[in-house]
Amino acid sequence: MNPRAVRIILEVALVVIGFTLLAVLITWPAAANANSVLPTQGIPWDPAGFTWDLWQRLQDGLPLFGTGSTDLVAPFTTEYPAAFNLVQLAFYGPALAIAAISTPVFAMNVMIIAGIACSGMAMYALARWLGCGPGVSTWAGAALAISPYVVGKAVVHAPLANIACFPLLILACLWWNERPSWKRALAVTGAFALAWTTTAYYGLMALLIVVVICGWGMISRGRRSGWRPIAGEGGLLAGLLGLLVLVPIAISVASSSVPTPARSSAELKSFGARPADYLVPPPGGWLARGVDAAWTGRLDSTGEQLILYLGISVLIVALAAMVIAWWRPALLGSARAVATARIGSVLAALLAWFSLAWPIGLGPVPIPVPSIAIWQVFPEVRAFARFGAPLLVVLIAVGGLAIAALARRGGPIWRHSIIAAALVITAADLTTALPVITSPPATADSQAPADRQGWAWLRDQPGAGAVVEYPTGPYRNVPELEQLRHVWQIGQIVHGRPVLNGFGPMGQAVDRRSIDLAQQVGDPAMPGAAEDLATAGVAFATVHPWAYGQYRLGTPPDASRPPAGFALAATFPDGTAVWRVTASPAPVLAVFRQPGFAAPELRDGRTWHPMGAPVAQVTTWAPARGTHTLEFPVAAPPGTQVTAKVRGAPAATVRVVPGVIRVTLRTGPAGMDIRIMATPLAGVAIGRPTVQAAPAG
């Protein structure tokens with residue numbers, strides 16, 4: 001083997017080992033406890049959701065086209081677009097393979113460490129290709145690996161921590177610019193596909209990167225060599241990107257019977273960037289703490305905005321390289337470096353513009369931003385602050401050219417001193433509180449879910465049957481209670497049973513019926529609650545007294561004395577109790593939907609659902625198909641007009657008489673929606689129905 005090959009192999013090995021060790025250090029001691037903790041603060045939020053998503057995919061598979069589904073959220077089959085899997089395949093594919101032979105928590109740790117390490121390695125590769133030496137390339141890779149964005153995503157949004165796609169895509173595009181060929185076009189396509197399969201957000205950013213860099217190259221070559229060959233080269237590249245990446249994703253999205261949840265335009269402000277976000281380090285920054293402790297976190301920022309800090313040191317060297325590229329290009333050395341710095345100046349400006357929140361302005365003067373236009377076409381997209389990730393990559397790449405140029409202006413001692421100074425200053429500038437805090441994905445009363453005896457007991461019980469975790473809802477727009485649902489998700493990984501009040505796949509409660517049912521049975525002592533649970537296939541109710549106090553949900557029920565319809569199955573030293581549902585199931589479950597109905601009320605020993613809107617909806621569900629008659633008692637002031645109809649069921653019959661709504665319809669697991677209308681609305685309440693079953697017609 002020739003000496004050059006040996007040097008390359010040795011350098012690659014050192015880079016892989018070095019950045020892997022750096023990632024382990026950043027997340028320590030997660031690697032030492034990889035089966036039990038994650039690099040997270042333990043707040044039951046997205047890390048718990050991603051961990052559950054891995055476990056759920058192990059149970060239900062990883063469809064890439066059409067509609068995915070799961071029966072792990074009882075009793076409804078929860079569906080979600082399989083495109084969710086396709087646009088995160090770079091994370092979930094390897095993670096599922098690892099989880100299949102270990103645990104979801106272990107797989108999460110491997111993917112988080114790999115994401116940080118691969119980001120640094122890809123940045124190193126880009127810097128080396130641009131002509132920087134190993135020292136400057138190490139600076140570039142380390143700056144990206146320890147950046148607030150990469151570390152912040154590692155502890156919150158694990159799939160987004162791996163931003164290796166951006167350095168690789170920039171490298172591939174610049175390589176294609178130098179001499180277009182089908183092989184180089186395939187390299188661009190591969191990096192482009194990696195971005196789209198990391199997250200659709202990164203895919204949109206990759207599209208902008210390809211348009212800017214390759215468009216720049218085509219214009220430059222067209223002016224020199226004519227436009228006819230450029231059209232063919234550009235057409236080949238566009239065709240590969242479209243046919244191999246964009247078309248399959250479009251087919252996946254279109255083939256789903258479930259739409260992707262849309263976001264509110266108000267979220268464009270909450271999850272967009274403001275210019276100051278790029279200049280204000282997050283709390284805990286080492287350099288900022290030493291200069292001015294009050295500087296850090298001075299702005300009111302969301303999690304997305306808080307991790308956008310680019311580093312003053314990175315900005316200085318990047319801006320210096322951009323100025324040199326336009327005014328004294330010879331100082332950067334090679335034509336490749338000059339072209340990169342010039343393209344980088346344009347690309348950085350565009351990425352920063354695309355990242356801006358909407359609305360935003362300079363004083364009273366509004367600034368037009370692309371985010372609102374993109375949202376109008378793709379209302380699923382909201383977090384435009386994430387455009388700060390490729391912006392950081394561009395600035396580090398260009399900044400490395402300035403450091404390399406400065407290092408070349410002296411001998412070995414000068415060169416090594418410049419590189420060492422850059423490493424130390426940027427490390428102090430970008431580093432926040434490292435290593436990060438580690439914790440289980442979620443804790444229940446400060447305990448890891450695996451240590452909760454109630455869930456372990458449920459796991460060991462024979463037979464099927466779902467679980468309801470008390471306390472339940474309401475969950476709409478209550479972040480603290482969404483955290484509680486994530487706790488129940490991690491508990492579900494322990495006991496393995498369907499949960500009535502869990503989250504849907506990918507953190508999306510696509511089927512809102514389960515949320516409304518959770519509120520409906522929120523008080524187990526309410527008449528009919530046990531019957532509803534039995535009808536939904538719930539066999540056990542787990543009562544967690546600690547959660548009532550921690551989440552301010554009132555007084556917990558006496559765990560040792562279950563109400564009618566339940567029987568005490570087990571109690572545990574931590575105060576948890578498991579009740580067995582003993583009520584007989586009804587033929588049909590009627591779910592009173594929010595926001596049309598308010599929380600149930602007890603009146604004269606009966607359960608009533610006050611109407612909160614002129615039109616309210618009841619969804620019926622039955623474990624088996626059949627024809628049923630439901631009689632809903634109606635409480636309304638004199639003169640109130642109450643009507644009802646069944647949506648999408650021409651064969652259904654509805655009869656409204658004073659005090660009763662009688663509906664006969666064919667029901668089944670697919671469910672039917674009964675719309676109830678009241679004029680005027682004040683004082684109207686609908687009671688739990690009585691059900692009579694008839695043989696299916």
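Sort segment 480-601 into rounded, prolate or oblate with this rule: let a ≥ b ≥ c be the square roots of the eigenvalues of the Cα gyration tensor; rounded if a/c is under 1.5, and if a/c is not under 1.5, prolate when a/b is larger than b/c, oblate otherwise. Cα axes put segment 480-601 in the rounded bin. Sorting 165-177, 664-676 by their mean Cβ neighbour count within 10 Å, with the most densely packed peptide first, gives 165-177, 664-676.
Scanning residues 5 or more positions from GLY671 or on other chains, those with amide H under 5 Å from its amide H are ALA622, with H placed 1.01 Å from N in the peptide plane. Summarising the overall dimensions of the chain from its C-alpha atoms, the Rg and Dmax are 29.2, 97 angstrom.
Couplings 3J(HN,Hα) of segment 369-377, computed from phi: 10, x, 4, 5, 5, 5, 4, 5, 8 Hz, in residue order, whole Hz [Karplus 6.51 cos²θ - 1.76 cosθ + 1.60, θ = phi - 60°; x for Gly and Pro]. What lysines sit close enough to LYS645 to cross-link, taking a C-alpha to C-alpha distance under 21 Å and skipping anything fewer than 8 places away on the same chain? Excluding near neighbours in sequence, the set is empty. Amide H contacts of PHE597 (H built 1.01 Å from N, in plane; Pro and chain starts excluded): GLY612, GLN617 sit under 5 Å, all sequence-distant by 5 or more or on other chains. Under the criterion of Cα pairs below 8 Å and six or more residues apart, the relative contact order for the chain equals 13 percent.
Taking a cut-off of 25 Å between Cα atoms, list the lysines near LYS153, but don't count ones fewer than 8 places away on the same chain. Leaving aside lysines fewer than 8 places away in the same chain, those within reach of LYS153 are LYS269. Among beta bridges from DSSP that stay inside the chain, the antiparallel ones total about 90%.
Within 10 Å of each candidate Cβ there may be at most 11 other Cβ atoms; applying that plus a DSSP loop requirement, which trypsin sites (Lys or Arg not before Pro) in segment 136-219 survive? All intermediate terms of the calculation are to be shown ahead of the outcome.
Values: sites: LYS153, LYS183, ARG184; in loops: none.
Qualifying residues, ordered by number: none.
Can you tell me which of 2-8, 605-611 comes out highest on packing, and rank the rest after it, using the mean Cβ neighbours within 10 Å? It would help to have the intermediate numbers written out before the result.
Details: 2-8: 8.9, 605-611: 18.3.
Per-residue mean Cβ counts within 10 Å order the peptides as 605-611, 2-8.
Each stretch of four or more DSSP H residues adds -39500 (n - 2.57); spread over every residue of the chain, this sum gives -15000 deg cm²/dmol at 222 nm.
Database remark: amide H of MET526 closer than 5 angstrom to no amide H (H placed geometrically; neighbours at sequence offset of 5 or more, or on other chains; Pro and chain starts carry no H).
Mind ordering 244-250, 193-199 by average Cβ neighbours within 10 Å, highest first?
On the way: 244-250: 15.7, 193-199: 24.0.
Most protected by this proxy first, the peptides run 193-199, 244-250.
The string of couplings for segment 108-118 from the Karplus curve (6.51, -1.76, 1.60, θ = phi - 60°) is 4, 4, 4, 5, 5, 4, 5, x, 5, 5, 5 Hz, one whole number per residue in order, with x for Gly and Pro.
Every number in this text was worked out from the coordinates using simple rules, so none of it is lab data. These numbers come from a predicted model, not from an experiment. Using ideal geometry, Cβ is built from the backbone for each residue, glycine included, and neighbour counts are taken over all protein chains shown.
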